[in-house]
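Peer 1: Can you read through this structure? Questions will come right after.
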Amino acid sequence: MAKWITVETRWLMDAVEFEMPPDGERLELLQSKVEGLIEPVYLRDGIVLICNEEARLYALPLNIVATMLASKSFGVAYPIYGPVVFCKDGEEW
């Protein structure tokens, strides 16, 4: 089973590793990890950031780690807000 990492943006940056549950529980788990609707952001390095689709609308805090990775991958400033889940491209989510 693949391992996933979530990075929180509250007062401290905190990386938490977890395993993905069976199919029927995945969407709910991902939505709880990103605190809302999910949106995948595909990076060039074969990494997928799963983030909150409405993070800016709800004024979630800037996720510095995710923003740095996305900006480096795209070559331009690409801000990511709220908690994210990192996984490898090709893993089922």
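Peer 1: Write down the accessible area per residue of segment 37-90 in Å², having rolled a 1.4 Å probe over the full set of protein chains. Mind showing how you got there, number by number?
Peer 2: Working: 3020 Å² over 54 residues.
Computed with neighbouring chains in place, this is 56 Å² per residue.
Peer 1: Over segment 12-85, what percent of the accessible surface lies on carbon and sulfur atoms, probe 1.4 Å?
Peer 2: After summing per-atom areas, the C and S share lands at 59 percent.
Peer 1: Separation between the residue 18 and residue 74 pseudo-spin-labels, each 7 Å from Cα along Cα→Cβ, expressed in nm?
Peer 2: The two pseudo-label positions are separated by 2.6 nm.
Peer 1: Shape call for segment 26-93 from the C-alpha gyration tensor, a ≥ b ≥ c root eigenvalues: rounded (a/c under 1.5), prolate (a/b greater than b/c) or oblate?
Peer 2: It is oblate, given that a/c is not under 1.5 and a/b is not larger than b/c.
Peer 1: A further question on this structure: Grab the Cα-Cα distance for residue 89 and residue 44, subtract it from 0.36 nm times how many residues apart they are, and report the gain in nm with one decimal.
Peer 2: Details: separation 45, 0.36 × 45 = 16.20 nm, distance 0.97 nm.
Residue separation times 0.36 nm, minus the Cα-Cα distance, leaves 15.2 nm.
The values are calculated or read from the model by the stated rules, or taken from the named source; none is laboratory data. This structure is a prediction, so every number in the text was calculated from the model and none was measured. Cβ: placed from backbone, ideal geometry, glycine included. Neighbour counts: every protein chain shown. For the accessible areas, the whole protein counts, side chains as well, though only heavy atoms, and no ligand, DNA or RNA atoms are used. Shrake-Rupley method; radii C 1.70, N 1.55, O 1.52, S 1.80 Å.
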